[in-house]
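Nothing in this text is a laboratory measurement; each read-out follows from the coordinates by a stated rule. What you see is a predicted model; the values in this text were computed from it and never measured. For neighbour counting, all protein chains shown are included, and Cβ atoms are generated from backbone atoms with ideal geometry for every residue, glycine included.
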Amino acid sequence: MTPSRRDFLIGCGAGAAAWATLGLLPGEFLVSRVDAAELSPQMRKELAAIALDTAKKLGATYADIRINRYRSQVVTMRSQADRSTGKLNHVPSVSDGETYGFGVRALAGGAWGFAASNAVNREEVTRAAKEAVAIAKANASLRREPIRLASAGSYQDTYSTPIAKDPFSVPIGEKLELLRRAGEEAKKNAGVFLATGFIAQRVEHRWFASTDGSFIEQHVYQIAPEITATAVEQGKKQKSRTYRPHSVTAGYEAVERADLVTNARRIAEEAVNHLKAPSVTAGKKDLVLLPTHLGLTIHESIGHSTELDRALGFEANYAGTSFLTTDKLGKFRVGSEIVNFNGDRVRKESLSTCGYDDDGVKTRQFPIIKDGIFVGYQTIRDQAHLIGQSESMGCCYADSYASVPFQRMPNVWLAPGKSATTLADLVSGVDDGILIDGRGSYSIDQQRYNFQFGGDAFWEIKGGKVGPMIADVAYQSRTTDFWSACDGIGGEALWENVGLNADGKGQPGQINAMSHGCAPARFRQINVLRTE
Amino acid sequence: MAWTREEAKKLAEKVFANSRAPECEVWIEATEAGHTRFAANDVTTSGSARDLTIAIVSRGNGRSGTVRVNDTEEAALKTAVARSEEVMAAANVDPEWVDGLPAQKYPEIRAAHEATSKAGAPERKSGVKAALDLARGRKLAASGFSETTARWAALANKRGNFGFSASTSAGFSTTMRTEDGTGSGWAGLEAPDFSSIPAAELARRAAKKAEESAKPRDLPPGRYTVVFEPQAVSDLLGNLNSVLSRRAADEGRSFFAKPGGGNRIGEKIFSENVTIRSDPFDARVPGRPWIGSAGGGFLGFGGFAGGNFAGLPARKTTWIERGVLRNLSIDRYWAKKIEEEPLPFSGGLVMEGGTGTVEDLVAGTERGLLLTRFWYIRTVNPQTVQLTGLTRDGVWLIEKGKVVGPVNNFRFNDSPVNLLKNMEAMSAAVSTGDMVVPGIRSRDFNFTSKSDAV
């Protein structure tokens, strides 16, 4: 549901005085964007030539430059009664921004070097290219073997996320008004203490050139709406429930189809019921996990364990390694025979989807788990040869022009069940279990064996039927035990493209967004804790 | 490129010259950072980056709009100011609005060190080489990270407030793993001065931990007396500053809320020996002179750091004194509401320690565990501050005052509140980079399952 034109004008009308200060009519934007000196295609090519030629002349065997521009906007609203007057306050926060810069990467003496800057001009590009090579050479003597790159091909291409409605063309007032109405709707439930919501949007304009002869221009749009209702029992307990329409690579249409207001009413009721619900009884139970919950379980247990850099020890000092060591590739059983995972950066609307990765490799889909067996790693160009492969799976990404590109998780999704299995089918097979939705507290060890996950809404399942809500639930398991206990996966019609906005990895830390599509799935006899 | 106070002032003036809103704030954050990573006994990636964030906040009549850019050209700034004003006008009135701050007196905090700002790949190389040489010679696999950052920050508003700060930070950490994959050790330190970080010594410590943690024996989960090394204490107290919120307590949604209403200031909640401050002037964990920064971040989720604390001068504050809760942080809106002075949490957390070493804590333990650090700590219940997470990089069984051998890693479900309630003894406090904390021996820490991870 979208706010009506009338509601929107009311929202703007309240700000007429503020607009008048600027000499404008309400809603009239003269500055449509923070458009600081967009580079011409000719200038970009010239800067690329400077970077790549400088690096090559100084001895680089490979170099690339990314000249990237990021535009982002976050509109948030907190709806909460004033402590003294009881009046419902809607507290807004709006930020908008546009940053750009470049990063040069060079391979020299068999080692990597990188240098980046926010000042995009000839002198700075020259300086950075020299510095990238100098850093590579300074470190080269510490390498026992030179870095090797799998071939990437050479592309002159463009890619743009298909969008129906540019999110930056939608007035900020309209977004605030939508969040205000959602907050108001949630607060109609007297048990709700506060409601929060946001609409976050971003476009990455990535421009890539390499000594392989590639020139690739991409526009990737990401959008993430969300609302949360929190119920509080003063000084005793609190429960929050979030409605998180899947964040996607798409335009504002993703917000318009999400129906935030109706869902605000639902999550308000669920937060309040959750607060009143009795605690779970600990013990082994069957779990039916809904996509908004299961997506993060997939991310932590399968997504991270199948990253090749972790398996090789490249992330041992921070994010950790993986129980899926390279000797297990092609033969190790991770889950039951119905469990199939794919990696990709091509699926429509998934958050990691784009045309080319930051190595200049064309994106693709590839199998990770097939019939329960581990068959594929997420890889990039400088890793493939380490496991005897000749091509990269296209998983290279840097979260900024100023960040070093490295292996990041693509979309990793669970294939739907083969038959047209419904949620009722999954539940009907459960005698004593729990239906779980949403994200709670998530924690997993650094090799991805042991995890404890919670949700933000739990319903008891007894005798094959979903009953009332229960509370204080978390489950603990080991990755292989858990996926081996999977005996039911919903059919294609139930598959949802669950998105994750902010996965952290690397040193210095970088952020990445990807999707973990899945249908609801059932897991037998998992250890459930009472967390009260 | 190093920034000076005058350059920051000049940029702010350029912004104000184009500003039509009743109030305007500028936040500047410029960095020059370099790093070297190593893993699997080789150097992996290494680089340097110059970056800049300029946050322009136009404010007036209860509204505000923030725009973040990184272009200092006059035309670009003019566009950014106009955009921030339009964002402001499009926003609805903030019912929790606070006026812009008049000129503040910000303290001088010495936190910039030339050894850090001048360090490049060649300077970082010696520490990295020490770790690699040691690991290669002892059949260990080394990975790690060496980083240096120089930072210049400024804030200014049209009411005449202005602050400028230059600071540096450096860090070195390394993880060593045994060839058979059964042992792992970590050591690391962050400090403002690159030359004060003993990289080779840290590498030796990590290697020793790796070798001594190899081939662990199985120990069941349960409640144990635990000797927490300072890093493990620091990991558990990591979110304490966000828990110390007066508003959350007054609103009944925090551990420091009283059931039925009010907060627990004045109550003795922790062990007699627990005294915790925040101290921006402690040279080991210096803070910036004011609260807040230009913010930003991926998807813009970094937000405008500081919220209604933004711009308040940093100050030293005691939060918990001899086990009694003395203060909770108060932002400017809440201060107005409850008619008290704002009270920010600024600088690093500093906990008073005892006199001995971690070895002394071990010597005084009849039976218990010695822990290096934690991993993936998440809040399970915000009301009780119940956390879950896992041990990492070395757990040992202690019997009759002696370390008898390595044991498996565990998942815990427990609260830092219990750590501080059940505390039996402390070592002297040391810096872990973002806090100054002692090693602690505490009773009945709750491990709920075994972890196979090493």
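Can you compute the FRET efficiency between B:R20 and A:R83 using 1/(1 + (r/R0)^6), with r the Cβ-Cβ distance and R0 = 30 Å? Round to the nearest 0.05.
Values: r = 34 Å, r/R0 = 1.14.
E between B:R20 and A:R83, to the nearest 0.05, is 0.30.
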- Sticking with the crude label model, points 7 Å out along Cα→Cβ, report the distance from A:I387 to A:D432 in nm, one decimal please. 4.1
- Note on the structure: So, with points 7 Å from each Cα along the Cβ direction, the A:A164-A:E337 label distance in nm works out to 4.1
- PRE zone check, label point 7 Å out along Cα-to-Cβ of A:A282, amide N under 19 Å, scope region A:511-532, hits A:525-532
- Item | Distance from region B:211-269 to region A:455-477 (C-alpha centre basis), Å | 27
- Task: Can you tell me how much longer the chain between B:E272 and B:K316 gets when fully stretched, taken as 0.36 nm per residue apart minus their C-alpha distance, in nm with one decimal?
- Result: 13.7 nm
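Could you work out the equivalent-ellipsoid semi-axes for region A:365-490, taking the square root of 5 times each eigenvalue of the Cα gyration tensor, largest first, in whole Å? Before the final figure, lay out the partial values.
Working: eigenvalues 247, 71, 36 Å².
For region A:365-490, the ellipsoid semi-axes come out as 35, 19, 13 Å.
Relative contact order (percent) for chain A, with alpha-carbon contacts under 8 angstrom and 6 or more residues of separation?
Working: 1370 pairs, mean separation 78.7, N = 532.
Relative contact order comes out at 15 percent.
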- Could you pull the Cα extents of region A:283-530 along its three principal axes, largest to smallest, in whole Å? 53, 34, 33
- Query: Across region B:157-164, in residue order, what do the Karplus-derived ³J(HN,Hα) couplings come to in whole Hz, using 6.51 cos²θ - 1.76 cosθ + 1.60 with θ = phi - 60° and x for Gly and Pro?
  - Reply: 9, 6, 7, x, 6, 7, x, 9
- Item | Amide H contacts of A:L88 (H built 1.01 Å from N, under 5 Å, at least 5 apart or other chain) | A:D82
- Within region A:254-270, find all residues whose amide N lies under 17 Å from a label point positioned 7 Å from the Cα of A:A190 along Cα-to-beta-carbon. A:268-270
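By how many nm would the segment from A:T262 to A:T126 grow when fully extended, if each residue of separation counts as 0.36 nm and the alpha-carbon distance is taken off?
Values: separation 136, 0.36 × 136 = 48.96 nm, distance 5.49 nm.
Full-extension gain reported as 43.5 nm.
Could you work out [θ]222 nm for chain A from helices alone, using -39500 (n - 2.57) per DSSP H run of at least four and dividing by all its residues? Round to the nearest 500 deg cm²/dmol. Each step should come with its number before you reach the end.
Details: 11 runs with 112 residues, N = 532.
Computed mean residue ellipticity for chain A: -6000 deg cm²/dmol.
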- Express as a percent, rounded to the nearest 5, the fraction of DSSP beta bridges in the protein assembly as shown (both residues included) that run antiparallel. 90
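How much of the calculated P(r) for region A:295-362 lies past 20 Å, in percent of all Cα pairs?
On the way: 965 of 2278 pairs.
Every Cα pair in region A:295-362 considered, those over 20 Å come to 42 percent.
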- Estimated inter-spin distance, A:K236 and B:K400, nm [label 7 Å along Cα→Cβ]: 5.0
- Note on the structure: Taking a ≥ b ≥ c as the square roots of the Cα gyration tensor eigenvalues, with a/c under 1.5 meaning rounded and otherwise prolate when a/b beats b/c or oblate if not, region B:271-414 comes out prolate
- Message: Please report the spacing between the Cα centers of region A:323-370 and region A:412-453 in Å, no decimals.
- Response: 19
- Cross-link pairs A:K130/A:K362; B:K10/B:K316; A:K57/A:K137 - those with Cα-Cα distance over 19 Å: A:K130/A:K362; B:K10/B:K316
- Within region B:61-82, what residues put their amide N at less than 19 Å from the label point 7 Å along the Cα-to-Cβ vector of B:K336? B:61-66
- Dipole of region A:239-332, Cα-centred, from +1 at each Lys and Arg C-beta and -1 at each Asp and Glu C-beta, to the nearest 20 debye? 460
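Roughly how crowded by other chains is peptide B:32-38, in terms of the mean Cβ count from those chains within 10 Å of each of its Cβ atoms? Numbers along the way, then the final one.
On the way: counts 1, 3, 4, 5, 5, 11, 5.
Rounded to a whole number, the mean comes out at 5.
Greater than 28 Å separation of Cα atoms is the criterion. Which listed pairs, A:K188/B:K258; A:K276/B:K258; A:K187/A:K505; A:K284/B:K402; A:K505/B:K258, meet it? Let's see the in-between values first.
On the way: A:K188/B:K258 26 Å; A:K276/B:K258 19 Å; A:K187/A:K505 37 Å; A:K284/B:K402 38 Å; A:K505/B:K258 39 Å.
Listed pairs above 28 Å: A:K187/A:K505; A:K284/B:K402; A:K505/B:K258.
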- Message: Could you tell me which residue out of B:I338, B:I320, B:L371 lies farthest along the dipole of region B:253-373 toward its positive end? Charges go on the beta carbon: Lys and Arg +1, Asp and Glu -1, centred on the Cα centre.
- Response: B:I338
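Using the Cα atoms as the points, what is the convex hull volume per residue of chain B in Å³? Can you show the working numbers first?
On the way: hull volume 66.8 nm³, N = 454.
Cα convex hull per residue, to the nearest whole number: 147 Å³.
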- Message: Which residue, B:G433, B:A2, B:A294, has the largest displacement toward the positive end of the dipole of chain B when charges sit on each Cβ (Lys, Arg +1; Asp, Glu -1)?
- Response: B:G433
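Only four residue types carry charge here, +1 at the Cβ of Lys and Arg and -1 at the Cβ of Asp and Glu. Report the dipole size of chain A about the Cα centre in Debye, rounded to the nearest 20. Working shown, then result.
Values: 62 positive and 60 negative charges, 104 e Å.
Here chain A has a charge dipole of around 500 debye.
Taking only the C-alpha atoms, wrap a convex hull around chain A and report its volume per residue in Å³ as a whole number. Before the final figure, lay out each step's value.
Working: hull volume 85.3 nm³, N = 532.
Each residue corresponds to 160 Å³ of Cα convex hull volume.
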- Message: Under the rule of at least 5 residues apart or a separate chain, name every residue whose amide H is placed under 5 Å from the amide H of B:H113.
- Response: B:T168
- Scan chain B and hand back the longest stretch that contains none of the GluC sites (Glu not before Pro) lying in DSSP loops with at most 10 other Cβ atoms within 10 Å. B:109-271
- For A:F193, list long-range residues whose amide hydrogen, built 1.01 Å from N in the peptide plane, is under 5 Å from its own amide hydrogen. A:T230, A:A231, A:V232
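Calculate, in nm to one decimal, what B:R5 and B:D218 gain on full extension: separation in residues at 0.36 nm each, minus their alpha carbon distance.
Values: separation 213, 0.36 × 213 = 76.68 nm, distance 5.85 nm.
Additional length available on full extension: 70.8 nm.
For the cross-link pairs A:K239/B:K337; A:K165/A:K348; A:K331/A:K418, which exceed 21 Å when the distance is taken from alpha carbon to alpha carbon?
Beyond 21 Å: A:K239/B:K337; A:K331/A:K418.
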- Using θ = phi - 60° and the Karplus form 6.51 cos²θ - 1.76 cosθ + 1.60, what ³J(HN,Hα) does each residue of region B:65-82 get, whole Hz, x for Gly and Pro? x, 10, 10, 10, 9, 9, 10, 8, 4, 4, 5, 5, 5, 4, 4, 5, 4, 4
- Only loop residues by DSSP count here, and only those with at most 15 other Cβ atoms within 10 Å; note down the GluC sites (Glu not before Pro) in region A:274-357 that meet that. A:E337
- Query: Given DSSP loops and a limit of at most 16 other Cβ atoms within 10 Å, what is the longest stretch of chain B that contains no such trypsin sites (Lys or Arg not before Pro)?
  - Reply: B:160-315
- Query: Taking only the alpha carbons of region B:5-210, what extent do you get along each of the three principal axes, in Å, biggest first?
  - Reply: 66, 33, 30
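If you place +1 on the Cβ of every Lys and Arg and -1 on the Cβ of every Asp and Glu, how big does the dipole about the Cα centre of region B:210-362 come out, in debye to the nearest 20?
On the way: 19 positive and 19 negative charges, 131 e Å.
Its charge dipole is roughly 640 debye.
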- Query: Of A:S169, B:F256, A:T54, which is farthest on the positive side of the dipole of the protein assembly as shown, counting Cα position, with +1 on Lys and Arg Cβ, -1 on Asp and Glu Cβ, and the Cα centre as origin?
  - Reply: B:F256
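D for the protein assembly as shown, whole µm²/s, Stokes-Einstein with Kirkwood Rh over alpha-carbon pairs at 10 °C and 1.306 mPa s: what number? Walk me through the numbers before you get to the answer.
Working: Rh = 29.1 Å.
Roughly 55 µm²/s, to the nearest whole number.
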- Task: Tabulate in residue order the Karplus-calculated ³J(HN,Hα) for region B:430-437, using 6.51 cos²θ - 1.76 cosθ + 1.60 with θ = phi - 60°, rounded to whole Hz; enter x for Gly and Pro.
- Result: 9, 7, 10, x, 10, 9, 10, 9
